[in-house]
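Colleague: A single structure is presented below for examination.
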Amino acid sequence: MLQTVDVGQRSLASYQGVAPDLILDELRTAAEGLRGLRVLHLNATPYGGGVSELLRSAVPLLNDLGLVADWQIISGDAEFFDVTKKIHNGLQGAAVELTEAEKARYEQTAKANAAALTSEYDVVFVHDPQPAAILPFHGKGNARWVWRCHIDTGQPNPGVWEFCKAYLSEYDAAVFTLAEFVPPDFPVGRTEIMPPAIDPLSPKNMELADRTARQVLDWIGINLNRPLMTQVSRFDHWKDPLGVIAAYKLVKEEIHHLQLALVGSMALDDPEGWDIYREVKEAANSDPLIDVFTNLTGVGNIEVNAFQRLSDVVVQKSIREGFGLVVSESLWKGTPVVAGRAGGIPLQMSDGVGGILVESVEECASAILALLKDADYAKELGRRGKERVREHFLLPRLLLNEVSLVRDLVEGMPRRIAAGIEEHRDPVCGMAIADPETATRIDHDGDTILFCSDTCRTRFVLAPDRYRYA
Ligand code: UDP
């Protein structure tokens, strides 16, 4: 069985007054009639990076809306994740070539994970290239399959793209962050564009009293009497941490007491992280005012929240970017951002709203300097950025997009309980009932419903409406 990631319970009602009312109302309306629909989100890592960040919040809210949503992760060894990182880089345009052995490793792991996907779902969202090949090895079954691509695949490396394309053709739909990320000759008929979003109520983004935020940063050694610039991102060349250090050094020629914090997380599916971490440490070594933190040394969501809240400027000097959730995260806290003009970043901010877009180390340095020298201008950019995030980049908007797609995809599918009775399927786990004569059963609303086990029967009895959709 694939590993299921445990997520807590969440309530959409708690977003009232935080996210726009109209979006919350539309979301509830879109989810009507989907009660009991089983949705799986499948990705490669339970922590580190934007996808896991999103799923941790989205999956419990889908459950609150009445769907039965799970989050599962594939497993693979270090060699597999080396290959998928190469694929990730290749899909973003890097000059890499997959060897036959690497292709074989990717396929073997996909086959093993496909065999381990044993529960049944009505809709399966497969995130990014790591698990993408599961579909052809698993078969569609009765589900609708969606490939959710979070990276910029607009100009992929042709060899890597040819290899990946072959695994995608059976998907019912694909979702991209921006229209320009859809690769050439894309083999899936239906493509949707859905920018990601942040959860304003998560520990990373929730309100944090100024005093508490200060205590948190003070405790890890940040001197808040000095100006502070911060970049929060995985240690990845596309995020250009060395470029951030170079820009910082230029700004420091004028603002000598400037501090730089590089906050980076290590993800399970990102083996390059350690190499880049070492490069960053080396580049930072000579300067006592540069601090490098990681999630593995105790800098977690609350610390990131405090950094994004209290920095004078947040930097995201990406060269290539999917969306760049960190930009919306920082803007949500009213902090202005200086960021690379890459991927989904310009969608979140543009000159005059949120911060300043840059394309070189020099531009980055002069933008940081401009914000540090003019606090009123910086504050106004941050204020406008926050409003933009409220309107467009909070989680309920993304859920509305996704639930609307799910609705379209399952339109015309038979009601599962009815189908369950006919085909003798357990309505809770979806499994076929091998021996209907002896199966555990109950009478419900005039129907006899069969279950694979007492556990499923109990789950049904406790919440029958949950497993029924019209
Ligand atoms: N992140 C974190 N700690 C870190 C570095 C990053 O929690 O030390 C989070 C960050 O706050 C954001 C996500 O990881 O929520 C990164 O998402 P983004 O879309 O910016 O980039 P990705 O890593 O997906 O390319």
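Colleague: Quick one: what does P(r) look like for the range 210-392 with 5 Å bins over all Cα pairs, in whole %?
Modeller: Each 5 Å bin holds this share of Cα pairs: 1, 9, 19, 23, 23, 16, 7, 1, 0.
Colleague: Neighbour counts of other C-beta atoms within 10 Å: give me Thr45, Thr458 arranged from fewest to most.
Modeller: Thr458, Thr45
Colleague: Let me ask something additional. Remind me, what semi-axes does the range 125-201 give for its equivalent ellipsoid, largest first in whole Å, using sqrt of 5 times each Cα gyration tensor eigenvalue? Provide the component values of the computation, followed by the final result.
Modeller: Details: eigenvalues 76, 59, 24 Å².
Its equivalent ellipsoid spans semi-axes of 19, 17, 11 Å.
Colleague: Can you give me the C-alpha center-to-center distance between the range 181-204 and the range 17-36, rounded to a whole angstrom?
Modeller: Result: 19 Å between the Cα centres.
Colleague: Report, in order of residue number, the helices in the chain meeting two criteria: a C-alpha extent of 20 Å or more along the helix axis, and a mean Kyte-Doolittle hydropathy of at least 0.0; treat each whole DSSP H run as one helix. Intermediate results must be reported in sequence, preceding the final value.
Modeller: Details: long enough: 50-64 (22 Å, 0.45); 100-116 (24 Å, -1.13); 375-392 (26 Å, -1.86); 395-410 (22 Å, 0.84).
Span-like helices in the chain: 50-64, 395-410.
Colleague: What spacing in nm lies between the two simple spin-label points modelled at Tyr47 and Arg341, each 7 Å away from Cα in the Cβ direction?
Modeller: Roughly 3.8 nm, to one decimal.
Colleague: Sticking with this structure for a sec: For a Förster distance of 25 Å, can you work out the FRET efficiency between the beta-carbons of Glu391 and Glu32, rounded to the nearest 0.05?
Modeller: 0.55
Colleague: Which residue, chosen from Phe235, Ala342, Gly355, occupies the Cα position most advanced towards the positive end of the dipole of the range 210-392, where the dipole is computed from +1 (Lys, Arg) and -1 (Asp, Glu) charges on Cβ about the Cα centre?
Modeller: Gly355
Colleague: Please compute the length gained on full extension between Ile319 and Thr118, using 0.36 nm multiplied by the number of residues separating them and subtracting their Cα-Cα distance.
Modeller: Working: separation 201, 0.36 × 201 = 72.36 nm, distance 3.95 nm.
Taking 0.36 nm per residue and subtracting the Cα distance, the gain is 68.4 nm.
Colleague: Moving to a separate point now. For the range 15-60, give the magnitude of the charge dipole about the Cα centre (Cβ charges: +1 Lys/Arg, -1 Asp/Glu; no others), in debye to the nearest 20.
Modeller: On the way: 4 positive and 5 negative charges, 56 e Å.
Here the size comes out at about 260 debye.
Colleague: Nearest 500 deg cm²/dmol is fine: what mean residue ellipticity at 222 nm does the chain get from its DSSP H runs of n ≥ 4 alone, each adding -39,500 (n - 2.57), divided by its residue count? Present the calculation step by step, with values, prior to reporting the outcome.
Modeller: Values: 17 runs with 190 residues, N = 470.
It lands at -12500 deg cm²/dmol.
Colleague: Given a cut-off of 27 Å, name the pairs among Lys85/Lys252; Lys103/Lys281; Lys85/Lys379; Lys86/Lys249; Lys204/Lys239; Lys204/Lys386 whose C-alpha atoms lie farther apart than that in the structure shown. The partial results should precede the final answer.
Modeller: Numbers: Lys85/Lys252 35 Å; Lys103/Lys281 33 Å; Lys85/Lys379 38 Å; Lys86/Lys249 31 Å; Lys204/Lys239 20 Å; Lys204/Lys386 15 Å.
The answer is Lys85/Lys252; Lys103/Lys281; Lys85/Lys379; Lys86/Lys249.
Colleague: Give me Trp145, Trp238, Trp219 sorted ascending by neighbouring Cβ count inside 10 Å, so fewest comes first.
Modeller: Details: Trp145 24, Trp238 21, Trp219 11.
Listed from fewest to most nearby Cβ atoms, that is Trp219, Trp238, Trp145.
Colleague: Treating cross-link reach as a plain straight distance, find the aspartates and glutamates whose alpha-carbon is under 18 Å from the alpha-carbon of Lys317, omitting any fewer than eight places away in the same chain.
Modeller: Partners found: Asp152, Asp236, Asp240, Glu279, Asp291, Glu329, Asp351, Glu359, Glu362, Glu363.
Colleague: Mind jotting down a quarter of the surface of the convex hull over the alpha carbons of the range 78-236, in square nanometres, one decimal? Numbers along the way, then the final one.
Modeller: On the way: hull surface 51.4 nm².
Approximately 12.8 nm², given one-decimal rounding.
Colleague: Which number do you get for Rg(Cα) / (2.2 N^0.38 Å) in the chain?
Modeller: Values: Rg = 23.5 Å, N = 470, 2.2 N^0.38 = 22.8 Å.
In units of the globular-protein estimate, the chain measures up at 1.03.
Colleague: Let me ask you something else. Quick one: if the Förster radius is 60 Å, what FRET efficiency do Met413 and His257 give, using the C-beta to C-beta distance and rounding to 0.05?
Modeller: On the way: r = 63 Å, r/R0 = 1.04.
So, using R0 = 60 Å, E works out to roughly 0.45.
Colleague: Now a separate question. To the nearest 20 debye, what charge dipole does the range 255-337 have about its Cα centre, counting +1 at the Cβ of each Lys and Arg and -1 at the Cβ of each Asp and Glu?
Modeller: Details: 6 positive and 12 negative charges, 58 e Å.
Here the size comes out at about 280 debye.
Colleague: Take peptides 386-397, 300-311, 202-213 and line them up by average Cβ neighbours within 10 Å, highest first, as a rough protection proxy.
Modeller: Ranking the peptides 386-397, 300-311, 202-213 by packing returns 300-311, 386-397, 202-213.
Colleague: In terms of the ratio Rg/(2.2 N^0.38 Å) built on C-alpha atoms, what value belongs to the range 222-284?
Modeller: Values: Rg = 12.6 Å, N = 63, 2.2 N^0.38 = 10.6 Å.
Dividing the Cα Rg of the range 222-284 by 2.2 N^0.38 Å gives 1.18.
Colleague: Compute, for the chain, the length of the dipole vector about the Cα centre, with Cβ point charges of +1 (Lys, Arg) and -1 (Asp, Glu) only. Units Debye, rounded to 20.
Modeller: Values: 47 positive and 67 negative charges, 160 e Å.
That gives a dipole near 780 debye.
Colleague: In addition: Counting other C-beta atoms within 10 Å, which of Leu224, Leu450 has the fewest, and how do the rest follow?
Modeller: Details: Leu224 14, Leu450 22.
Listing Leu224, Leu450 from fewest to most nearby Cβ atoms yields Leu224, Leu450.
Colleague: Given the options Asn89, Phe125, Val304, identify the residue whose Cα lies farthest towards the positive end of the charge dipole of the chain (+1 on Cβ of Lys, Arg; -1 on Cβ of Asp, Glu).
Modeller: Val304
Colleague: Bin width 10 Å, alpha-carbon pairs only: give the P(r) of the range 1-124 as whole percents, running from 0 to the bin holding the largest distance.
Modeller: Percent of Cα pairs in each bin: 11, 33, 30, 18, 8, 0.
Rule-based calculations on the coordinates, nothing more; no lab input. Keep in mind that what you see is a predicted model, and the values were worked out from it rather than measured. Note: ideal-geometry Cβ built from the backbone for every residue, glycine included; neighbour counts use all protein chains shown.
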